[in-house]
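Notes follow the structure.
Read-outs throughout are calculated quantities, based only on the coordinates presented, and are distinct from any laboratory measurement. Note that the structure is a prediction, hence the values are computed from the model and not measured. So basically every Cβ, Gly included, is an ideal-geometry build from the backbone, and we count neighbours across all protein chains shown.
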Amino acid sequence: MVDSVAKYGSARVPRYTSYPTAPHFHDGVDGAAFGGWLEALDATAPLSLYIHVPFCDRLCWYCGCHTTISNDPLRIAAYADVLVREIEIAVAALPVNMPVSHVHFGGGTPTQLGEESFADLMAALRGHFAITPEAEIAIEIDPTTLTPVMADRLGHEGVSRASLGVQDFTEEVQQAINRVQPVEMVADAVTMLRQAGVAALNFDLMYGLPHQTEADIARTVDQAVALAPDRVAMFGYAHVPWMRKHQQMIEEAALAGPQGRAAQADTAARRLEFHGYRRIGMDHFSRADDAMAKHLEDGGLHRNFQGYTDDAAVALIGFGASAISALPQGYAQNTGDMRAYRNAVLAGEFATERGIALDARDRACRAIIERLMCDFAADVRALCRQHDVDPDAALADVDGLAELERDGLVSRKGGTLHITSLGRPYVRTVAACFDTYLGRGAGRHSQAV
């Protein structure tokens with residue numbers, strides 16, 4: 001029997017939070033193209049909005065996000081003003097005052113905005129969009145920087161979900177990633193948020209960190225579950241020092257290999273399931289009464305740049321430096337250069353630097369990959385036909401499925417591809433079979449497990 005970890009565990013494949021993935025974006029998509037895409041959106045379809053705040057008060061060495069270190073309140077407030085102007089530019093291109101079903105503040109550390117700037121941004125969003133009463137307003141939080149005043153502001157502005165970066169509670173691991181936060185500090189943040197009315201909480205944990213052991217992960221899961229988060233994400237640390245130079249601060253010899261990473265991921269999953277959490281896709285878990293668990297049954301799970309989501313909006317508009325918009329026509333990404341971003345927006349222009357337009361084959365592959373990532377199954381033929389793609393021609397171009405099937409990672413019945421229990425840890429590798437861009441040399445990716 002094949003050793004699946006040895007054969008597939010160290011493969012470098014995308015996480016597929018988009019398709020095509022960001023390394024294949026190009027400068028053929030500019031502000032004019034993006035503006036045209038916005039104008040063509042269905043005026044009745046709800047939008048999802050993402051606001052990127054690229055500031056932190058320190059650099060965590062594991063981080064793979066686009067961020068910069070700043071504790072200058074004037075600089076951050078000025079950035080918030082530019083965000084408001086960018087919102088105005090986008091709204092001018094949209095067909096009407098469109099409904100919004102989901103707002104997500106990411107970073108960086110979005111709470112670096114401070115109470116006043118955050119309130120100004122929420123006022124701008126409510127003034128220019130029809131945020132629905134049931135809309136989820138979510139924010140990412142660094143527990144080490146949250147204050148009672150900011151927590152109260154979040155509750156006052158209607159934030160309904162917060163994602164707390166926990167990673168691991170083991171002191172040696174925290175020291176190695178430059179993110180020291182005792183469990184008591186996270187517990188205090190949880191109390192502040194719940195008292196402020198932010199009822200839904202997510203915890204982000206990680207495996208594959210330096211010096212981390214299976215025992216560390218089991219203990220961290222137990223301590224995290226004691227704080228009763230609604231959802232837990234168990235991300236594998238992506239060591240990509242060629243992309244994120246600060247990761248060179250992490251000693252590679254302290255990182256687990258493929259077998260160790262697989263064991264850590266399995267330990268985390270088993271422990272979370274022991275505590276009653278349901279597995280969602282490859283790395284998320286939720287309480288049984290959570291909406292995400294319910295959508296696991298009805299095919300309503302989706303995948304976007306925040307990972308797994310129950311947000312069904314077909315268009316996501318990203319605001320801020322490096323933010324990515326995902327629209328029916330394709331993807332558009334703002335420049336990550338702060339000065340270029342500011343200058344473009346203050347000149348009344350979109351800050352779009354690159355992106356990619358989708359054709360019928362891209363849409364079919366995107367749908368197939370999303371269903372595989374969310375449901376561990378995809379009716380390949382039906383999805384191809386839905387996007388006017390010849391299923392036989394599409395399947396003829398797919399490499400690797402036969403080998404995956406021989407190794408017991410997938411099975412096929414009619415036009416439907418199923419990922420087996422053995423293959424689920426390698427869902428990204430299975431999805432990669434339908435990635436027609438992979439291997440074109442545009443980027444390197446993290447390990448499959």
- Item | Contour minus Cα-Cα distance for Q259 and V2 (0.36 nm per residue) | 91.1 nm
- FRET E, pair E134, E251, Förster distance 60 Å, beta-carbon r, rounded to 0.05: 0.80
- Query: What aspartates and glutamates could a cross-link reach from K413, if we take a straight Cα to Cα line under 14 Å and drop same-chain neighbours fewer than 8 places away?
  - Reply: D379, E405
- Along the Cα-to-Cβ line of D27, 7 Å from the Cα, sits a label point; which residues in region 313-338 have backbone N less than 14 Å from it? 335-337
- Item | Ranked list, fewest to most other Cβ atoms within 10 Å of each Cβ, for E252, E136 | E252, E136
- Message: Given the -39500 (n - 2.57) contribution per DSSP H run of 4+ residues, what per-residue ellipticity at 222 nm results for the chain, rounded to the nearest 500 deg cm²/dmol?
- Response: -11000 deg cm²/dmol
- Item | Simple Cβ-charge dipole of region 359-437, Lys/Arg +1 and Asp/Glu -1, about Cα centre, in debye nearest 20 | 300 debye
- Item | R0 of 45 Å, Cβ-Cβ distance A228-N71: FRET efficiency to nearest 0.05 | 0.90
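Full extension from A312 to D42: what is 0.36 nm times the residue separation minus their Cα-Cα distance, to one decimal in nm? Please report the intermediate quantities before stating the final value.
On the way: separation 270, 0.36 × 270 = 97.20 nm, distance 1.43 nm.
Full-extension gain reported as 95.8 nm.
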- Query: Which helices count as membrane-span-like in the chain under these terms: full DSSP H, at least 27 Å along the axis by C-alpha, Kyte-Doolittle mean of 0.0 or more?
  - Reply: 73-93
- Query: Where does each of E251, E214 land when they are ranked from fewest to most other beta-carbon atoms within 10 angstrom?
  - Reply: E251, E214
- For the modelled label position 7 Å from the Cα of A215 along Cα-to-Cβ, which residues of region 236-261 have backbone nitrogen atoms closer than 15 Å? none
- Item | Leading residue at positive end of dipole, the chain (Cβ point charges), from Q306, I250, L404 | L404
- Going by how many other beta carbons lie within 10 Å of each one, how would you line up E86, E115, fewest first? E115, E86
- Message: Which lysines, if any, have their Cα less than 29 Å from the Cα of K245, not counting same-chain residues under 8 positions apart?
- Response: K7
- Message: Can you give me the C-alpha center-to-center distance between region 201-273 and region 19-53, rounded to a whole angstrom?
- Response: 32 Å
- Along the charge dipole of region 238-294, Cβ charges K/R +1 and D/E -1, which of Q259, F285, F274 sits furthest on the positive end? F285
- Length gained, L395-V183, 0.36 nm per residue minus C-alpha separation, equals 71.4 nm
- Place a point 7 Å from the Cα of R424 in the direction of its beta carbon; the residues of region 218-250 whose amide N falls under 16 Å from it are 232-235
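Determine, from the Cβ-Cβ distance of R406 and A377 and an R0 of 22 Å, the FRET efficiency 1/(1 + (r/R0)^6), rounded to the nearest 0.05. Show your work: numbers first, answer last.
Working: r = 19 Å, r/R0 = 0.86.
After rounding, the FRET efficiency stands at 0.70.
Two decimals, Cα atoms only, Kirkwood Rh: what is Rg/Rh over region 258-356? If you can, show how the numbers build up before the last one.
Details: Rg = 18.7 Å, Rh = 16.3 Å.
In region 258-356, Rg relative to Rh is 1.15.
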